Amino acid sequence: MSICGSCNKTIDLCSLVKTVKCNGPCQGEFHSNCTSLKHQKLQTNKNVIWLCENCYNLCAKNVPDQAVWNNLQEKENNQVTISLTYLCDVEKRLGALEKKSSQDLTEVETNGTRSNNSPAQSKIPNKSKFNRGMLFIIGLIAFLILTLAITLFIVRGASRKPITAPRNYKFNGTLLRITKEEWFAEAERDSLKKLELPVQRVIIGHTATNGCENKTQCDGRVQSLQAFHIYSNGWNDIGYNFLVGGDGLVYEGRGWYNMGAYTKDYNRDSISIAFIGTFNMELPSENDLIAAQLLIDDGLRLGALSKDYRLYGARQLSPTESPGKALYNIIMKWPHWASRI
């Protein structure tokens with residue numbers, strides 16, 4: 001139970017709803033009819049600061065102006081208004097900032113970059129365009145090179161001669177001719193001189209190397225001979241027109257239409273046929289001898305050899321042991337062998 005600070009009457013629990021508390025230093029309780037405010041106004045104005053007379057006089061002495069004290073009573077109400085005003089101002093500033101940011105973003109999307117008076121930054125767009133241009137040019141060049149390489153590969157593949165020899169490369173009594181593509185020849189270094197057909201001479205020789213018995217061995221022998229003739233002798237291709245070896249295999253060298261480079265001073269009007277191996281004492285196989293004769297007959301059929309051609313051993317036309325004594329004794333018995341030059 002409390003005592004009213006103004007009328008000194010008892011404030012019981014039933015009358016608490018009709019009381020008001022001092023917000024001053026005394027913190028006392030008073031009947032509502034002892035104040036200058038009606039009870040209804042006290043209820044509807046929750047932010048009103050009420051002081052009893054003693055506390056009012058005590059606080060008034062500590063302020064320089066009565067108007068200042070009066071403003072204290074309205075401080076709580078004004079705080080709400082000031083806060084709203086401040087928030088509105090902040091909201092306006094934020095809106096302005098958002099609008100400016102939106103305009104800047106639109107400008108960036110439209111122009112590709114924000115305008116700047118700095119010389120260094122103004123060069124960035126031009127540099128970027130230059131880099132993109134260089135990448136485009138490099139990509140175009142690479143595409144053209146790749147296209148050209150593919151085209152050359154296709155054209156080269158299409159221009160290759162078809163393989164006419166059987167896959168097993170076994171002599172069967174007929175001419176078994178191995179093309180340059182089949183024995184993996186290198187390309188000739190320069191264009192070869194052409195023969196005036198039909199030619200008048202067939203010159204038989206030997207390679208003066210180890211012999212060979214099958215295509216795999218003979219491929220290696222012929223490839224080595226071609227490399228020797230090109231890189232050591234300085235010729236444009238392997239020197240022989242044809243080579244025979246490997247149990248009846250006939251290897252294409254310069255062929256029927258190109259001038260050979262084997263017998264000096266006699267290449268212009270002759271076809272050279274070399275047996276793979278050394279035949280001073282050893283004889284070539286029977287199939288190799290038959291294959292050489294089949295090749296000569298094919299030259300006659302093609303019109304590359306004159307019908308009255310003359311057959312020679314290389315030793316008859318140049319200082320050499322080729323085609324070896326053993327082989328030379330055999331070809332001396334062949335048709336068209338000539339003892340006179």
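Every read-out reported here was derived from the displayed coordinates using simple, explicitly stated rules and does not represent laboratory data. Since the model is a prediction, treat every value here as computed from it, not as a measurement. Cβ atoms come from the backbone with ideal geometry, glycine included; neighbour counts cover every protein chain shown.
Brief remarks on what is shown
- Antiparallel DSSP beta bridges within segment 177-331, as percent of all bridges there, nearest 5: 25 percent
- The chymotrypsin sites (Phe, Trp or Tyr not before Pro) of segment 248-341 that DSSP puts in a loop, and whose beta carbon has at most 14 other beta carbons within 10 Å, are Tyr257.
- Whether segment 277-336 is rounded, prolate or oblate, judged on the alpha carbon gyration tensor where a/c under 1.5 counts as rounded: oblate
- Computed label-point distance, nm, for sites Ala227 and Lys21 using a 7 Å Cα→Cβ extension: 11.3 nm
- Whether segment 177-331 is rounded, prolate or oblate, judged on the alpha carbon gyration tensor where a/c under 1.5 counts as rounded: rounded
- The HN-Hα couplings worked out from phi for segment 192-199 by the Karplus form 6.51 cos²θ - 1.76 cosθ + 1.60 (θ = phi - 60°) are 8, 6, 8, 7, 8, 8, x, 8 Hz, whole numbers, x standing for Gly and Pro.
- Across segment 245-283, the residues whose backbone nitrogen lies under 11 Å from the label position 7 Å along the beta-carbon direction of Glu213 are 247.
- The string of couplings for segment 186-191 from the Karplus curve (6.51, -1.76, 1.60, θ = phi - 60°) is 6, 6, 4, 6, 8, 5 Hz, one whole number per residue in order, with x for Gly and Pro.
- Amide H partners (placed H, <5 Å) of Ser6, local residues excluded: His31
- For Asn258, the residues whose amide H sits under 5 Å from its own are Leu195, ignoring neighbours fewer than 5 places away on the same chain, with H placed 1.01 Å from N.
- Here's how it looks for His206: its modeled amide H is under 5 Å from those of Phe275, which are all 5 or more places away or on a different chain.
- Taking label positions 7 Å along the Cα-Cβ direction at both Thr10 and Asn131, the computed distance is 9.3 nm, reported to one decimal.
- Extension gain (nm, one decimal) between Ser191 and Lys333, 0.36 nm per residue minus Cα-Cα: 47.5 nm
- Rounded to the nearest whole Hz, the Karplus-based 3J(HN,Hα) values (6.51 cos²θ - 1.76 cosθ + 1.60, θ = phi - 60°) of segment 328-340 follow the sequence 5, 5, 6, 5, 5, 9, 7, x, 6, 5, 10, 8, 9, with x at glycine and proline.
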